Structures are given as C-alpha cells and as structure tokens.
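Everything below concerns the one structure shown next.
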C-alpha cells in the first residue's frame, strides 16, 4: 500500500490571499510559504502561515483547522503529514485537546457542518441561513442538492456565504480530476471521493485538490473493512475521513434482521476508524442529537448534522421541527 509522500504543505499548495474562486491552479511564485513556528508543542517542528491574518475568512477558517504539521521524529515518514489542526491555532492561543494517539492536535471546540440534503437551491439557502445564524461553521451541498440543481447549488452557497467553507458532496467514483476541478471552480473548498473508487480516481481527485486549493474527504461508505479503507485513503493522501453508514443500509430490513434487530450506526466502528488514521474523521449516518454530542468522546471533532436532524429523512424536505432552534440547542450543548 502506497503511503502519502506529502510531509507538509509545499509552497505551491498553500492558498493565496485571493478570494476563494479556485478558478486556476496555484502559482508557486504567488503562494504563501511557511516559516518556523514559535512556541510549538514539544516533539514537533512547527509551521505557521506567514500572512495568516491576510487570508480571506473561508481560507482562514479552513487553515486554522487543517494546516499541516511538518515533522515528528517519532513517526514514520508516511505519517509526517496532517495531525488534524494547524499549529497556527496553537500560536494564536486557541484551545487545544489531545488526539487519540496522545498528540496535541485537535481543537476542544468542534467544527459543526450542516448537510443540505435537499432538492432545491431556494430551500437549501433557507436552511443555510438558519444554520449560519445559529452558529454552524461549514455548509455542505449534499448529494441530492447537487443532483437536482447541479453545481449551481455550490455557486449559490459560495455567493451568499463567502466566509464559510463549502463541501461539495458529489461522491466521486470516476473522472476524479474533472469532477474535483468543476467543484473547485464552482466555489467548493472541500470535495468528496469514495473509498470504493479505484485508487487512481482517489489520486486524481487529490491532484486536482492540490492544483485548485481544495481539501479532499475520503468516504468509506459501503466498505466491508472501514478502518482498513480509512487507512488506505489516508495513505493515498486525503485530508479527511468520512466514516459513513449509508441511508439505504440503515433502512434495509434484512440488514437490521441480520443484526438481531439493531440498526447499523457509524458509532459501531468509529473507535477503530479513528485509531486507524492520523487525520480528522467525520461520522455520518442517521445520528441522533445525543449521539452527535458523544462524538468528541471518540476523538471526532468535526461534527456533521444531517438527516433526520436537519431534513426529513423520508421526503428530503424541511423537517417538521424548528431547525434553527434545534441547531442552537446542539451548539449550546457542545459549548458547555
């Protein structure tokens, strides 16, 4: 299995201080390079962004959570890459917490993302406005939304919410470079590729991500060995793992019967997935409010709110409950 050969962010992969339109690959001469960090945690050779304060807000939010740690003598070279959080957070005095492997690498306050799994731009924008007012950090153009409205949905989110990272959840299986390029040009800051795609597809999505300044999430939906799939995705070079139990799988009577009446949940293998990798993990698939609030206990600090919390799980329309109030409640409970 090939390990990732990216022990940090090369100069030509660091986002510039231009607006996040992602319309062309980075120019090495115009990109920002790292300088040695000050006051870095013991055992690390730190790196922080020289012009952090000049970055546009989406890039600042993004880099503050995911810029790379360069080097750790106790790790193999294949692991000298993402440990989850920028040392710029450390240098700026933001709270840090211990990761599952004992390193100081994750923020205490989780990142919260909403999945806009709707079928119209208007409804998705309405949900996004409620989410942003409630304090949600990231917006996701869900698969149903992209299928119904195309990349116009990503463009609409970028126009209305220029300060928020936007995930385009197209679930790429083939044509990796083109799909990632199109999503980046539409305004996405993050794209999703499936672990069950050919490794060549994963690599081309990662190459497009490097060329256009977007992060890549690897989704283990449908994999028989999800921890192994997560390791494979990390070795290929993705930035995040989406640990995912699918909509149909969770509702299949035969699957539930085979599990003695218990619905499959991303919590089932979450601990093993988190331990398998050294990059941030999301857990996706029908979680309740209480289950979402448990995720930091597993070492998951990037929380995704989706069906049935944010959309009706049967109609993929607005839920009957007050969405904004629910989001405010969840965020308030996370901050306690």
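The values are calculated or read from the model by the stated rules, or taken from the named source; none is laboratory data. Since this is a predicted model, take the numbers as computed values, not measurements. Positions of Cβ are generated from backbone atoms using ideal geometry, with glycine treated the same way; all protein chains shown enter the neighbour counts.
Looking for whichever is over 24 Å from residue 115 (Cα atoms) and surrounded by fewer than 17 Cβ atoms within 10 Å (Cβ to Cβ) here; the options are 260, 210. Which one fits?
Result: 260 is the single residue among 260, 210 that is over 24 Å from residue 115 (Cα atoms) and surrounded by fewer than 17 Cβ atoms within 10 Å (Cβ to Cβ).
Among 280, 266, which is in contact (Cβ under 8 Å) with a residue 60 or more places away in the chain and over 22 Å from residue 123 (Cα atoms)?
280
What single numbered condition from (1) over 19 Å from residue 230 (Cβ atoms); (2) surrounded by 22 or more Cβ atoms within 10 Å (Cβ to Cβ); (3) touching a helix residue (DSSP H, G or I) at 6+ places or on another chain (Cβ under 9 Å) fails to hold for residue 278?
Residue 278 satisfies all of (1) over 19 Å from residue 230 (Cβ atoms); (2) surrounded by 22 or more Cβ atoms within 10 Å (Cβ to Cβ); (3) touching a helix residue (DSSP H, G or I) at 6+ places or on another chain (Cβ under 9 Å) except (1).
Any residue that is in a helix (DSSP H, G or I), in contact with a strand residue (DSSP E or B) (Cβ under 9 Å, 6 or more places away or on another chain), in the same structural domain as residue 126 (by TED's automatic domain parsing) and in contact (Cβ under 8 Å) with a residue 24 or more places away in the chain - is there at least one of those in the range 308-318?
no
For the range 171-194, which residues satisfy the criterion of being in a strand (DSSP E or B) and surrounded by fewer than 23 Cβ atoms within 10 Å (Cβ to Cβ)?
Of everything in the range 171-194, just one residue is in a strand (DSSP E or B) and surrounded by fewer than 23 Cβ atoms within 10 Å (Cβ to Cβ), namely 171.
Just give me the residues in the range 232-263 being modelled with pLDDT under 80, assigned to a loop (DSSP other than H, G, I, E, B) and within 22 Å of the chain's Cα centre (by Cα), in sequence order.
Hit for the range 232-263 is 246, nothing else.
So which of 135, 150 is farther than 26 Å from residue 326 by Cα and in the same structural domain as residue 233 (by TED's automatic domain parsing)?
150
Would you be able to say whether some residue in the range 158-169 is in contact with a helix residue (DSSP H, G or I) (Cβ under 7 Å, 6 or more places away or on another chain), closer than 14 Å to residue 310 by Cβ and free of Cβ contacts under 8 Å to residues at least 40 places away in the same chain?
No: zero hits.
Considering only residues of the range 326-336 that are assigned to a helix (DSSP H, G or I) and touching a residue at least 24 places away in the same chain (Cβ under 8 Å), which is surrounded by the most Cβ atoms within 10 Å (Cβ to Cβ)?
Step by step, filter the range 326-336, then rank; the result is 327.
Every residue in the range 270-294 that is part of a loop (DSSP other than H, G, I, E, B) and at pLDDT 95 or above, please.
Those that are part of a loop (DSSP other than H, G, I, E, B) and at pLDDT 95 or above: 277, 278, 279, 280.
Identify, please: which residue in the range 295-307 is in contact with a helix residue (DSSP H, G or I) (Cβ under 9 Å, 6 or more places away or on another chain) and part of a loop (DSSP other than H, G, I, E, B) and is, among those, farthest from residue 232 (Cα to Cα)? Outline the logic, then answer.
Initial filter on the range 295-307 (in contact with a helix residue (DSSP H, G or I) (Cβ under 9 Å, 6 or more places away or on another chain)): 295-296, 298-305, 307.
After this cut, where a residue has to be part of a loop (DSSP other than H, G, I, E, B) as well, the list is 299-301, 307.
Details: 299: 20, 300: 19, 301: 21, 307: 28 Å.
Only one residue fits best here, namely 307.
Quick one: residue 292 ticks every box in (1) touching a strand residue (DSSP E or B) at 6+ places or on another chain (Cβ under 6 Å); (2) within 29 Å of residue 210 (Cβ to Cβ) except a single one, so which number is it?
Failed condition: (2).
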